[in-house]
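Worksheet for the structure shown next.
The numbers here are math on the coordinates, done by the rules we state, and not lab data. Model, not experiment: these values are computed from the prediction. Heads up, the Cβs are rebuilt from the backbone with ideal geometry, glycines too, and the neighbour counts pull from every protein chain shown.
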DNA sequence: CAACTTCATTGCGTATTGTGCAATGGCAGC
DNA sequence: GCTGCCATTGCACAATACGCAATGAAGTTG
C-alpha cells in the first residue's frame, strides 16, 4: 500500500543527501525513468525538491521552511536559545538541547563549538537520541513519572554500543536513581566511546521535566572530569531556562521530583 | 497525475501548521477517512509525521532532520554563523543571511533580536524572499552577472506591496546601479511598510556575489537613518564572511563587480 | 451498567491512477 | 548533418489506492 508515496519519500531522502540525477533516481527506486520524473515533478511543484542547473534534484526550500515552522512552534526553543549560546561561550564546548517529543527524545537545538569544528559530532537537530545511552536521555528518563518512564523503556531493546553502555534494566534504574538524586547526568562514552557529556534537566511551568541541556566534548579535547567542572554553569543555565518557561524557583537545588504532579 | 503524492504533501503541510486529527485530514483532502489514515500511516513510518497522544498528527522529526542536513550542507551557513551572531549583539537588531538558490533567494539563517521578540518578523529560514522588494534581494541582483540577473527578472511579475515598492523594470535597474556603486542596499518598507533593512553582499572565492547579510528593524524600534548608522559594521561583517569563503581582500572597498568573471 | 456515540482501523471489490513502453524532442559532440 | 544521450509526453493496461461497510475500541450519557 501507498507505494507511490513511499517512492516519493525515498527520493526526498536521497535528494537531501546529495544531488540526484533522473537516471539515478529511477535506478534507486527500480522504476522506469518516466515514473521517477513524474514523482520528482510533483515534489518540485511543492518545492520539496529543486532542479539545479545541471538537471539534478536537491532538497527544496519548501521542506526547510516547513521544518523551521515546526521547530519554531516548539515553545522551548526560543526562550532557551540565548542561554544555550551563552553557555557555549563560557565553556567553549558544544551545547545541545533535547526534548521529549512523543516517544522519542530529539535534539531541537545545537550550538557548535567554533574552535573545534574540524571534529564533527554525530548529533544533528531533528535526530532522535538514544534514551538510555546519552546524558540527555537518561536525565529526562530520571525525572519522568514512573508510568511514562516505563512506557518509554518498554519499547526499548538494549544494545551495547561501547564498554560503558548500560545494557540491562536494573543497572539503568540504579543509574537513573543516582541522576535523580544528584540533579545531573553523565555520559561516559556510552554511545560513542570518545564522546563525553554532562546534562541537566529543564522543567516546564508545572514542574515536569520535559527537556535537558547538555555540554559535549570529545575525549581528545576535554576529559570527563574537566567537563564535570562545568556542571555548576550547566545547572544554572538549565534553571534559567526552566525559569523562563514558568517554573517558579530559579534556584540551584533540584528538589521536587515532579512525580506527584498529574 | 501523482494524486496520492499531492495528498501526502498537503497533509505534511497542514500537520506542520497545527495538529491534525484524522477526520480533519480526510475533510481537508475531500477523501474517505480510511484513505487519509493510510496516507498518514505511510508518512508516519518515515517519521515525516508523528502521532501525538491525543491521536492527532504533527510534523515528525524525520523531516526536521532532513532539512537540517540540507541546511548544513550549504557551505555558507557554517562560516557565517559566528559573524552574524556577533553583528546581532553589536547592533541589537535582527540579522538575516539570504542566499541565491536556484531561481529564488531564500533565508538560510536568522538571528533574532532577543529584546523585541514580542514583534515577530515575517521572515523564516527556508522561506523565499522577494527579489525586487527586499534589501537582500536587490543586493544580490545588483551584483549578479547581467545574463543571470535578466534570467531571474524575466520570471518576475512586479507587484506593488507598499508605496515605496519598485514596480517597474527601469526604476529597479536604476536602483540596482545605485546599490552596485554604493556597495549596500536599503529596504525602505518596500515589502512591508513598517519593516526597514540594510543589506550588504557576500562573495565566494571567485568574487561572485552569492548571498547577502542584512540588518532588519521595524519602524517602531529604529528609523531607517538609525539603521544606516550600522552600515559600516554590516559591511565589515559581510567582508569577513566573504574572506572566510576565500574571497581575497577583506578590505572595506567594494570594487570588482564580478561581472567579468565567467 | 448497558446502550449509544464517536472515532480509528481493516478486508474487500472495483475503478481510478500511476506505470512501463515506445515515440518524440532537445542538445551536444564528433 | 548525423549520432548518441537524456528528458519528456501520449497511450493502453494493470496494478494500486480508493470508498464502502463492517468491526473494534473508548468514552459518554441515561
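So what is the relative contact order for the stretch B:1-91, in percent, with contacts set as C-alpha pairs under 8 Å and at least six apart?
Once divided by the residue count of the stretch B:1-91, the mean separation gives 23 percent.
What is the percent of Cα-Cα separations in the stretch A:68-168 that go past 19 Å?
51 percent
Given the DSSP H assignment, sum -39500 (n - 2.57) over each helix run of at least 4 residues in the protein assembly as shown and divide by its residue total; what's the result at 222 nm in deg cm²/dmol, nearest 500?
Theoretical 222 nm ellipticity from helices: -13500 deg cm²/dmol.
Taking neighbour Cβ counts within 10 Å as the exposure measure, how do A:101, A:139, B:23, A:35 sort from fewest upward?
B:23, A:35, A:101, A:139
If I take every Cα pair under 8 Å that is 6 or more residues apart in chain A, average their sequence separation and divide by the length, what percent do I get for the relative contact order?
Computed over chain A, the figure is 15 percent.
Enter the mean number of other protein chain beta carbons within 10 Å of the beta carbon of each residue in B:122-129, as an integer.
Partner-chain Cβ atoms within 10 Å, mean over residues of B:122-129: 4.
When a/c is below 1.5 the answer is rounded, else prolate if a/b is larger than b/c, else oblate, so apply that to chain B with a ≥ b ≥ c taken from the square roots of the Cα gyration tensor eigenvalues.
prolate
Treat the count of other C-beta atoms within 10 Å as a stand-in for reagent exposure and order B:243, B:57, B:132 from fewest to most.
B:243, B:132, B:57
Quote the relative contact order of the stretch A:141-212 in percent (integer), defining contacts as alpha-carbon pairs under 8 Å separated by 6+ residues. Walk me through the intermediate numbers first.
Values: 74 pairs, mean separation 19.7, N = 72.
Across the stretch A:141-212, relative contact order equals 27 percent.
So what's the angle, to the nearest 10 degrees on a 0 to 90 scale, between helix B:231-244 and the longest Cα principal axis of chain B?
It works out to around 70 degrees.
May I ask you to derive the FRET efficiency for residue B:206 and residue B:73 from their Cβ-Cβ distance with R0 = 25 Å, giving the value to the nearest 0.05?
Between residue B:206 and residue B:73 the formula returns 0.80.
Taking the Cβ-Cβ separation of residue B:173 and residue A:170 as r and a Förster radius of 56 Å, what is the calculated FRET efficiency to the nearest 0.05?
0.15
Based on the alpha-carbon gyration tensor of the stretch B:124-181 and its eigenvalue square roots a ≥ b ≥ c, which shape applies: rounded if a/c is under 1.5, prolate if not and a/b is larger than b/c, or oblate?
Cα axes put the stretch B:124-181 in the rounded bin.
Can you tell me how much longer the chain between residue A:6 and residue A:158 gets when fully stretched, taken as 0.36 nm per residue apart minus their C-alpha distance, in nm with one decimal? Before the final figure, lay out each step's value.
Numbers: separation 152, 0.36 × 152 = 54.72 nm, distance 2.92 nm.
In short, 51.8 nm is gained.
In degrees from 0 to 90, rounded to the nearest 10, what is the angle of the helix A:61-72 Cα long axis to the longest principal axis of chain A?
Orientation of helix A:61-72: about 20 degrees from the principal axis.
Which of rounded, prolate, oblate describes the stretch B:1-136, given a ≥ b ≥ c as roots of the alpha-carbon gyration tensor eigenvalues and a/c under 1.5 marking rounded, otherwise prolate only if a/b is larger than b/c?
Prolate is the answer for the stretch B:1-136, as a/c is 1.5 or above and a/b outweighs b/c.
Taking a point 7 Å out from Cα toward Cβ as the label site, list the nm distances between residue A:19 and the same residue in every other copy, smallest first.
Label-point separations across copies, in nm and ascending: 4.3.
Show me the ranking of peptides A:194-207, B:74-87 by mean Cβ neighbours inside 10 Å, starting with the highest.
Sorting A:194-207, B:74-87 by mean packing, highest first, produces A:194-207, B:74-87.
Nearest beta-carbon of B to the rotation axis carrying it onto A: which residue, how many whole Å?
B:67, 2
Measuring nothing but label to label, 7 Å from Cα along Cα→Cβ, what are residue B:73's distances to the other copies in nm, shortest first?
Label-point distances to the other copies, shortest first: 2.7 nm.
Given label points at 7 Å from Cα along Cα→Cβ, what nm distances, shortest first, separate residue A:147 from the same residue in every other copy?
6.8
Measure nothing fancy, just the Cα-based angle from helix B:3-17's long axis to the longest principal axis of chain B, in degrees from 0 to 90, nearest 10.
With both axes taken from Cα atoms, the answer is about 70 degrees.
If one computes P(r) from the Cα atoms of the stretch A:131-235, what percent of pairs lie at distances over 15 Å? Mind showing how you got there, number by number?
Numbers: 3323 of 5460 pairs.
Beyond 15 Å sits 61 percent of the P(r) for the stretch A:131-235.
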